[in-house]
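Working notes, beginning with the structure itself.
The values are calculated or read from the model by the stated rules, or taken from the named source; none is laboratory data. No experiment lies behind these values; they were computed from the predicted model shown. Here Cβ is always computed from backbone atoms with ideal geometry, including for glycine, and neighbour counts include all displayed protein chains.
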Amino acid sequence: MAETKFTKSVKYNLAEYLNIWLQEVGSNLEAIPEYSVKSKLSKNLIDVAIVDKGNESKLVAIEIEVKSNPDQIFINRRKFKEWVHASPYRRGGLFHLIFSKANISQQRMYRLLRDSYSSISAGKGFFYEFMAIDADYRESNETARFLVDENWEFDARLLALIEEVF
């Protein structure tokens, strides 16, 4: 589904706040909005990527789902997992931010959780986290700031991925 203005604004604001935070903690990582990696047959466009400058074999991707086809979350996960598994030298973590307006049922959320544990336990350098968020869709800057500066669940899940990947 087409990207909303909210989604586009959140990803740029999120990258900006993440870069401020990464600098404050003295990290060599960088958050880049609209980052692309080559997948099997196409490019995989990532909403926000956290990369180590100079080492593109390790990547933490943040995908933002606001208004989307219910299958899009699974498609994004599959494509990113394929990118990681395409080389034994790659490690990658995918973090899905699923907003309340996203078109996903409770049954699909359960499947997402079940499948993510299965994927991670299989090894091969792929890690996965997701969280559901309710937000004021008029406040993209505040939403991004709140996630980075005040939301402990976001911090814990993102730091877990960063620790696993880098």
Taking region 26-58 only, how many residues are surrounded by fewer than 12 Cβ atoms within 10 Å (Cβ to Cβ), touching a residue at least 12 places away in the same chain (Cβ under 8 Å) and under 26 Å from F99 (Cα atoms)?
0
In region 59-67, is there at least one residue being closer than 17 Å to F154 by Cα, of a type outside the set (D, E) and free of Cβ contacts under 8 Å to residues at least 24 places away in the same chain?
no
Test: residue in region 95-105 that is modelled with pLDDT of 95 or more and either charged (D, E, K, R) or closer than 22 Å to F154 by Cβ (or both):
yes
When residues of region 125-157 are limited to those that are among the small types (G, A, S) and farther than 17 Å from E65 by Cβ, the one farthest from the chain's Cα centre (by Cα):
G125
Count of residues meeting criterion [modelled with pLDDT of 95 or more and closer than 26 Å to H85 by Cβ] in region 19-32:
4
Sort out which residues of region 33-72 are among the hydroxyl-bearing types (S, T, Y) and either on the phi > 0 side of the Ramachandran plot or at pLDDT below 85 (or both), and write them in order of number.
S39, S42, S68
Condition met for A15 (at pLDDT 90 or above, under 19 Å from V165 (Cβ atoms) and among the hydrophobic types (A, V, I, L, M, F, W, C))
yes
Which condition number does T7 fail, the rest of (1) under 15 Å from the mean Cα position of the chain (by Cα); (2) farther than 25 Å from W152 by Cα; (3) hydroxyl-bearing (S, T, Y) being met?
(2)
